[in-house]
Amino acid sequence: MDARLRRVNKEIADCKNDKTSNIVVDLIDSSPYHLRGSFSGPEDTPYQGGHFEVDIVIPESYPFQPVKMKFITKVYHPNVSSASGAICLDILKDAWSPVLTLKSTLISLQSLLCSPEPNDPQDAEVAKHYMTSKSSFEETARYWTMIYAGGPGKGGVPKATKGGTMDEVAMAGLEKAHVDQFEAIGFERSKVIDVLRRLNYRGANVAKINDDRVVEELLK
Amino acid sequence: MSSDYENSDNEYYDDEDDMMLEDEDGSASEMDVDAFDIDYRTSGKDKLKLYEVEYDPLSQRDVEKMMQQDVENISGIFGVDSNIAALLLRHLDWNKEKLIEKYMDNPTAVNTAAGISRPERSAEPPRSSSRSQPSQSLLNLGPRRSSRRPTAEPPKSGKTKIIERISPPVEEPQAFVCPICFDETQTETYSLHCEHRFCTSCWNTYITSKIRTEAEHWVTCMAEDCSLVAPDSFIRKALQEDNSTWNRFQELLVRHFVACNPSLKYCPYPSCTYTVSCPSASSRSSLTTIVPIVTCGASSSHKFCFGCHVDDDHRPVVCGVAKMWLQKCQDDSETANWIKSNTKECSKCQSTIEKNGGCNHMTCKKCKYEFCWVCMGPWSEHGTAWYSCNRYDEKASVDARDAQSKSRASLERYLHYYNRWANHEQSAKLSMELYAKTEKKMDEMQMTSELTWIEVQFMKKAVDEVFKCRMTLKWTYAMAYYLDSGNQKELFEDNQRDLERAVEELSELIESPLEPESIPSLRQKVTDKTVYVQKRNEIVLEDTAKGLLEGRWKWNCSIEGFD
Ligand SMILES: [Zn+2]
Ligand SMILES: [Zn+2]
Ligand SMILES: [Zn+2]
Ligand SMILES: [Zn+2]
Ligand SMILES: [Zn+2]
Ligand SMILES: [Zn+2]
């Protein structure tokens, strides 16, 4: 049998037999080289209670070249692209070792959720948010977990219903009062959210960015 | 004087060259000799023209010898195995001085960083700075005997112990199962001295993938977080019979060595393994005074610039100008295409006017208004004979009235140089056809006249020269684009014009239809013209090179390397 196939089959079987790690690897179709991994968000993090799915592609030269992984579930995290799910993690690149497995890599992703590395960001805007105000960042990450990963609502906030409206302001990690303020001048709400998000209009930054600067951006 | 050269074993020196060297002290009348002898003159190594640089082509073997010398040198100084010396040198990018300094300061740290030993875990008493004696084998090759226990010798004080086993391998008296392929049938294993064991087949695939896919010469252990690096002897062993991957590995090592040495450059031609050594062009500042065009030892067609990535003989312009110009051509390619195909409106009657030909003196077909294509102002305001074909009149840009005309003028200025540049490039590209046509003509000449094969070679020689000069001319337009206007630029353009005229005349001669009765006179004309063209080309190249050395050229914008 082909060495790659033997190895992947064994890895899939190992994940099935292991009930303690809560790491699941499923076939998407009949190919053993395109898989879907999933795990639950780590406790005591904004991702707690969420269910995160990862797209897994096993390259031709696996395990001598790293496995390709990206989040299917949208995640608000400095090292994960909020748009594409692409992940910045050393073991998926240079630090890959052929002894690493799908399971150990998924566990590493899980622990990445516990310990963001904002200095080596995949998503610069999210990383800026994290650096400016950790509490505001966590609130947004929690909101994303609720909306996209089926996580619980924050004390009293009802879980968003499927297809229901989601709060664009909370999605962007902004304050409703700030958005209202610029909307009142006469700008479109979505444009205001977009600009304030790009300017990282949060926490201590709010005092540093004067209104003219925001209006200038809004007029572009 | 010539006795010095007789003793030399350099292949470049022959009797011809000695004669030439002696002539150099006398008059410079060599130009008038028969055109066929001229080639000898440029091949003498010690007779470098101002626009030539001294360099040495090196084969992969030659470079490997240089590497070997460094390795032996370090191996001797540190008293280490050559495998270890090689890893140390590669880790510090072949900087021997830095390596010696760092190694003397803290050999343990250097060994760890170079992937020779694993990081220490427990705090040990500081090591003495005496030289290490790593007599131990760096690797453990071959099938593992299950009876062998890892020997954990207590570290001897005062002696740097390079090889250490931090975690003894778990003894498995049963069949070995490779943790990578899980294939029970694989019983042969290798490990580096970290004792991270894997089957020989996995090692082979892994190392092959590193070398072939990643073009990597730095191969670490396959275990997670193990930074030990596989030395050459291990790689050789693991690759087994795969000589082609081993050779690729050797090539990667040479490439790394060459990349680390500023006076070496790898031949950029695909699959060529030659290197050129050119110490005079190793500093960035040298590139403002010389244009280091070199040829690798594998083929005379492997001509490239030692100073930049332009894959062309860009003499006479310096690398900075060549790069800027090519970048500009790339950035403006759309604009250039647009403006070239674009038409303009007559500023009097607004009818559409198309420019045909290169002249800027336009006359509207409808209202007969005469105007300048560059600034769109009336022609009457322009002085007579303001335009000559190679020269761009900077005044026209100044005359531009409004912002739109100004930007149009600056585009026109660029297009003036660009079109001439592109024209020469195009002509040079057509040279293959010209060679084929000329070959036919040469056959014809041999049949219709008394001329022998050797006597009709003047035609090929002429085509060669035209091609060469068009390359020079092409780059002179890049140069003129960035030259500040003034006397120096005018002199430059005088030389450019003279060369261009001569080249066009020679082109016409060699492309004219053959008449049997005029072959002898054609031969005379072509031969004379070839010598003349060659002379004009020399003048352009020599004078530009001289100007660079003298710092005579003034640029109209800031050029990389110049202050
Ligand atoms: Zn194996
Ligand atoms: Zn190891
Ligand atoms: Zn070459
Ligand atoms: Zn160059
Ligand atoms: Zn003209
Ligand atoms: Zn008109």
| said: Considering only residues that are more than 13 Å from ligand 2 (Cβ to nearest atom) and of a type in the set (S, T, Y), which ones fall in segment B:194-214? | reply: B:T200, B:S201, B:T205, B:T208, B:S209, B:T213
| task | Among the residues of segment B:271-309, write down those that are under 30 Å from B:Y418 (Cβ atoms) and either within 14 Å of chain A (Cβ to nearest Cβ) or more than 16 Å from ligand 3 (Cβ to nearest atom) (or both). | result | B:A281, B:R284, B:S285, B:S286, B:L287, B:T288, B:T289, B:I290, B:V291, B:G307, B:C308
| request: Could you tell me whether segment B:404-425 includes any residue that is crowded, with 19+ Cβ neighbours inside 10 Å and over 30 Å from B:P378 (Cα atoms)? | output: yes
| query | Among the residues of segment A:58-70, is there at least one that is in a loop (DSSP other than H, G, I, E, B), open to solvent by 50 Å² or more (accessible area, probe 1.4 Å) and farther than 23 Å from B:S201 by Cα? | reply | no
| field | Exclusive hit being away from chain B (no Cβ under 14 Å), open to solvent by less than 30 Å² (accessible area, probe 1.4 Å) and either out of contact with any Cys (no Cβ under 6 Å at 6 or more places or on another chain) or assigned to a loop (DSSP other than H, G, I, E, B) (or both), set A:S31, A:S84, A:S111, A:S38 | value | A:S38
| query | Which is within 16 Å of the chain's Cα centre (by Cα) and of a type in the set (D, E, K, R), of A:K74, A:K93? | reply | A:K74
| note | When segment A:179-208 is checked residue by residue, the ones that are surrounded by 11 or more Cβ atoms within 10 Å (Cβ to Cβ) and either in contact with a Phe, Trp or Tyr (Cβ under 6 Å, 6 or more places away or on another chain) or at positive phi (or both) are A:V192, A:N200, A:G203
| task | Identify, by number, the condition in (1) within 14 Å of chain B (Cβ to nearest Cβ); (2) within 20 Å of A:R4 (Cβ to Cβ); (3) touching a Phe, Trp or Tyr at 6+ places or on another chain (Cβ under 9 Å); (4) surrounded by fewer than 21 Cβ atoms within 10 Å (Cβ to Cβ) that A:S97 doesn't meet. | result | (3)
| When residues of segment B:227-244 are filtered for being surrounded by fewer than 18 Cβ atoms within 10 Å (Cβ to Cβ) and within 14 Å of chain A (Cβ to nearest Cβ), how many remain? | 1
| query | Has segment B:195-208 got at least one residue that is more than 16 Å from ligand 4 (Cβ to nearest atom), buried (at least 19 other Cβ atoms within 10 Å of the Cβ) and closer than 30 Å to B:Y55 by Cβ? | reply | no
| Could you list, in sequence order, the residues of segment B:199-236 that are within 16 Å of A:S97 (Cβ to Cβ), touching a Phe, Trp or Tyr at 6+ places or on another chain (Cβ under 7 Å) and free of Cβ contacts under 8 Å to residues at least 40 places away in the same chain? | B:W203, B:T205, B:Y206, B:S209
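How many residues, within segment A:1-21, are touching a helix residue (DSSP H, G or I) at 6+ places or on another chain (Cβ under 9 Å) and open to solvent by 40 Å² or more (accessible area, probe 1.4 Å)? Quick ask: steps written out before the conclusion?
From segment A:1-21, those touching a helix residue (DSSP H, G or I) at 6+ places or on another chain (Cβ under 9 Å) are A:1, A:3, A:8, A:11-12, A:14-15, A:18, A:21; that's our starting set.
In the following step, the residues that additionally are open to solvent by 40 Å² or more (accessible area, probe 1.4 Å) were identified as A:1, A:3, A:14.
Here the count works out to 3.
Of the residues that sit in segment B:290-316 and are open to solvent by 50 Å² or more (accessible area, probe 1.4 Å) and not in a strand (DSSP E or B), which one is farthest from B:Y477 (Cα to Cα)?
Our first condition is that a residue be open to solvent by 50 Å² or more (accessible area, probe 1.4 Å); within segment B:290-316, this holds for B:298, B:300-301, B:303, B:309, B:311.
From the residues that got through so far, the ones that are not in a strand (DSSP E or B) too are B:298, B:300-301, B:309, B:311.
Details: B:A298: 31, B:S300: 26, B:S301: 24, B:H309: 19, B:D311: 18 Å.
The qualifying residue farthest from B:Y477 (Cα to Cα) is B:A298.
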| remark: A:V54 vs (1) within 14 Å of chain B (Cβ to nearest Cβ); (2) open to solvent by less than 30 Å² (accessible area, probe 1.4 Å): all pass except (1)
| Inside segment A:42-51, can you point out the residues that are among the small types (G, A, S) and either within 18 Å of A:K10 (Cα to Cα) or open to solvent by 10 Å² or more (accessible area, probe 1.4 Å) (or both)? | A:G49
| note | Scanning segment B:483-501 residue by residue, the ones that are in a helix (DSSP H, G or I) and on the phi > 0 side of the Ramachandran plot total 0
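The values are calculated or read from the model by the stated rules, or taken from the named source; none is laboratory data. What you see is a predicted model, and the numbers here were worked out from it, not measured in a lab. Neighbour counts run over all protein chains shown; Cβ positions are idealised from the backbone, glycine included. Each accessible area value is taken on the protein alone, full model and side chains, heavy atoms only, with ligands, DNA and RNA left out. Shrake-Rupley method; radii C 1.70, N 1.55, O 1.52, S 1.80 Å.
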